[in-house]
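Quick note: the coordinates plus some simple rules give every number you see, no bench work behind them. Here the structure is a predicted model, which means the values were calculated and not measured. Here the Cβ positions follow ideal geometry from the backbone for every residue, glycine too, while neighbour counts run over all protein chains shown.
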Amino acid sequence: VKSCGNVWRAVRELHPIVHCITNYVTANDCANLLLGCGASPIMADAVEEAEEITTLSASLVLNIGTLNGDTIAAMFRAGAKAAELHHPVVLDPVGAGASALRTETALKLLHEVHPCILRCNISEWKMLAHTGSVSRGVDAADIDRVTPENIGEMGTLLRRFAVEHGCVTAVSGEIDLIAAPDGRLAAIRNGDAMMSGVTGSGCMLSAWCAACAAAEPQDLFHALCAAHCAMGIAGEIARRGLLPGEGNASFRNRMIDAFGSCGKEDWEARCRCELLS
Amino acid sequence: VKSCGNVWRAVRELHPIVHCITNYVTANDCANLLLGCGASPIMADAVEEAEEITTLSASLVLNIGTLNGDTIAAMFRAGAKAAELHHPVVLDPVGAGASALRTETALKLLHEVHPCILRCNISEWKMLAHTGSVSRGVDAADIDRVTPENIGEMGTLLRRFAVEHGCVTAVSGEIDLIAAPDGRLAAIRNGDAMMSGVTGSGCMLSAWCAACAAAEPQDLFHALCAAHCAMGIAGEIARRGLLPGEGNASFRNRMIDAFGSCGKEDWEARCRCELLS
Amino acid sequence: VKSCGNVWRAVRELHPIVHCITNYVTANDCANLLLGCGASPIMADAVEEAEEITTLSASLVLNIGTLNGDTIAAMFRAGAKAAELHHPVVLDPVGAGASALRTETALKLLHEVHPCILRCNISEWKMLAHTGSVSRGVDAADIDRVTPENIGEMGTLLRRFAVEHGCVTAVSGEIDLIAAPDGRLAAIRNGDAMMSGVTGSGCMLSAWCAACAAAEPQDLFHALCAAHCAMGIAGEIARRGLLPGEGNASFRNRMIDAFGSCGKEDWEARCRCELLS
């Protein structure tokens, strides 16, 4: 993986428009993170405009954090149009496993829209991969964690899934694992524990992945590795900058801030991405 | 009331999942406050998944800040399931009195879901208690204020309401009043005037009450007193930390931050809760 | 234009209730900005309550950032009621041009609701004025920019539009242009480049314009000039206060903070409003 700084710079130079059909809880944070990166977010979940908005955008995020009938329809319409135009699509199956609506919608999107990128936490991925999991709502369950002990086994399962579904599959947590349909596999060790204490850490990462994919469509695995490194580094920078008395709200602001205020060198120097195969 | 620190610690230890059917204006703040407290929020307002999400959660918030037909249906479904499972339910009748839709939905939820906790401002409560009020939209009207002069009379009315409806009734303002169905009554004098200048102060308090109720279901009155003290203390800490030039946006961040950064002793030392009977 | 400080003070004294039918992405920021100004926001987009909420409010914002069938219906109902009550209505046609749904809804609102204020970016305005533009989603396209070179021509077109549609028309960007139906035209040179890097800068400005219009209904052109100056000044203050490492999330907080923490003199001293005719 050459450089997360290069991908970060490409986003700043290309200003990709990112169509986000996403939940209302974290839409503001996703929009500000994309703007901080130099991308141009457009949050549009009306089915009537789904195809037009996708057409004028460079990539698409389908985030099922707060679903309803209308937004589900918009996701399928936008997804079909993105496929037709060969725009990168990121699926974020928030809370898959927490309800049949979420699990089934996520699986249907996976099988019918064929997103080229799946980004989620480990519990959500296990649900979609039918490998068995328990649901902790929208958070990963502790017993599902990727650890130094099970990383080999998890990597194998993840790679199999990526090959089978033809999509770059990124599972984030203390260690992020990213698998490509061509068999590549990487582990990212950037990040900070406070990220799981902020709502929308995952949603922001998905939106940012879509921006990176738009900037580097010829190698989505590389784009995703860079995106995960940068997000983790932003978390590290946020943590380091935290003043006494500050907690998760300030951490969130500092994490978004990092995307706009760091330079290419900051990203390069801190990148902890290991190719596992 | 023994200790708001104990309740705060219980939330951190139990990590209760809190199902929030809430408005899109302040959902992000509610989620971050719950995460800062160690709880696990799940914002889910689709009727199709209401029962499942309630089932995997420990408590439920019904906040009518931005209603529509779908979310109203989800509230009744989730409320019925929570009753069946004996999960604590917090009703926050945002803007009751501002429209028939809000007033009627709030009354219907009160009478059909039988939430064990009602949390609102004084104008909203007066609307539901039919004691007459004027609407200032979602804010309390000045003439409705609880003051040292009318606190005796207000307490009597509130206690009567709590007994009649069998729900712990908490009315927040400069002085918070909390009444239990068993006749207990408390006044909380924590808080800061800037809290009313932040959107979602009340919504966050309701979400936090649901987390406390999940952690202390055997004594909801105690849980609610602790929740109100802690919220007020967070406001005091936020105010004290405010730098020159900072206003309500920074105050909001600092208030959420306080929940994650303060220790048990901070909550104990500042608690200003008086049992009135 | 006498003073943006006077308008700012009038809002603080009158506490106008502002009915916002707005997008879920930036609703929280709009609410906090209005509260910081001393206004009282009510976000209510259910069609069933649209007329009642408009009736108890002093002004109305119609922001089409995230449209759906229900909120469109609510906009027309609320708009008709506001017209009947002579309440100022601000139309913010977010993303007009990005989809037929947005363009057509904005034009229909313009022609049927007859808002007394249109506030948007230059690309959105060109779309509505049929003068030709390209869409960059919800952001202004670079080639549409108001510059010292084209300001004369743009002013003429804008004035013609304001006269024809009988509404104060404000187009914001590096230079804001504001035209009145009576032929007055002003250029505002307050603001900071970081404002375009924050989601909801425009939405917040529209909400704030509605508060100013409620406080100064007898001269909406004056109210709008003051509103634009103050917003730009808040951006300047936010930029000046930015610490090393801070980016757009902190900038957003500081911009909202400014409305609550600055005094009348701050607004007066920095106002850069030029009457062009």
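Electrostatic tally near residue A:167: other residues with Cβ closer than 15 Å to its Cβ, Lys and Arg +1, Asp and Glu -1, net -1. Computed from label points 7 Å out along Cα-Cβ, the spacing between residue A:14 and residue A:86 is 1.3 nm.
Note on chain B: helix-only mean residue ellipticity at 222 nm, from DSSP H runs of 4+ residues weighted -39500 (n - 2.57) and normalised by residue number, equals -15000 deg cm²/dmol. Here the Kirkwood formula, the inverse mean of 1/r across different C-alpha pairs, assigns the protein assembly as shown a hydrodynamic radius of 26.7 Å. Packing, taken as the mean count of other beta carbons within 10 Å per residue, orders the peptides A:9-19, C:118-128 from highest to lowest as C:118-128, A:9-19.
Each Cα pair of the range A:64-140 feeds into the Kirkwood radius, which the Stokes-Einstein equation turns, at 20 °C and 1.002 mPa s, into a diffusion coefficient of 171 µm²/s. Across peptide A:98-104, the average count of Cβ atoms from other chains found within 10 Å of a residue's Cβ is 6.
Note on residue B:264: aspartates and glutamates with a C-alpha under 13 Å away, same-chain residues under 8 apart excluded, are B:13. Take each peptide in C:79-91, C:261-273, count the other Cβ atoms within 10 Å of every residue, and average; sorted highest first, the result is C:79-91, C:261-273. Label point of residue A:100 (7 Å along Cα→beta-carbon): distances to the other copies' equivalent points are 3.6, 3.7 nm, sorted ascending.
Backbone amide hydrogens, once placed in the peptide plane, bring residue A:58 within less than 5 Å of A:17, A:18, A:19, excluding anything fewer than 5 places away on its chain.
Shown in residue order for the range B:259-265 are the 3J(HN,Hα) couplings computed by the Karplus curve 6.51 cos²θ - 1.76 cosθ + 1.60 at θ = phi - 60°: 5, x, 9, 8, x, 3, 5 Hz (x for Gly and Pro).
Per residue, the convex hull spanned by the Cα atoms of chain C amounts to 111 cubic angstrom. Listed by chain and number, the aspartates and glutamates whose C-alpha is less than 16 Å from the C-alpha of residue A:81, apart from same-chain residues fewer than 8 away, are A:45, A:48, A:49, A:51, A:52, A:112. The antiparallel fraction among DSSP beta bridges confined to chain C stands at about 35%. How charged is the neighbourhood of residue B:25? Take every other residue with its Cβ under 11 Å from the Cβ of residue B:25, and add Lys/Arg as +1 and Asp/Glu as -1. For residues surrounding residue B:25, the net value is -3.
Placing a label point 7 Å from the Cα of residue A:151 along the Cα-to-Cβ direction, the distances to the matching points in the other copies come to 5.8, 5.8 nm, shortest first.
Here the calculated FRET efficiency for residue C:174 and residue B:163, from their Cβ-Cβ distance with R0 = 41 Å, stands at 0.05, rounded to the nearest 0.05.
Taking packing as the residue-averaged number of other Cβ atoms within 10 angstrom, the listed peptides A:150-156, B:93-99 run from highest to lowest as B:93-99, A:150-156. Between this copy and the others, label points of residue C:130 are 5.7, 5.7 nm apart in ascending order, each placed 7 angstrom from Cα in the Cβ direction. Each residue, residue A:275 and residue B:142, gets one label point 7 Å from its Cα in the Cβ direction; the gap between the two is 7.0 nm. The distance between label points at residue C:218 and residue B:218 comes to 6.7 nm (points 7 Å beyond Cα on the Cα→Cβ vector).
Taking every residue in A:194-202 and counting other chain Cβ atoms within 10 Å of its Cβ, the average works out to 3. Closest approach to the axis carrying C onto A, counted by Cβ on chain C and given in whole Å with its residue, is C:24, 2. Per-residue mean of foreign Cβ neighbours for A:46-57 is 5 (Cβ atoms of other chains, 10 Å radius).
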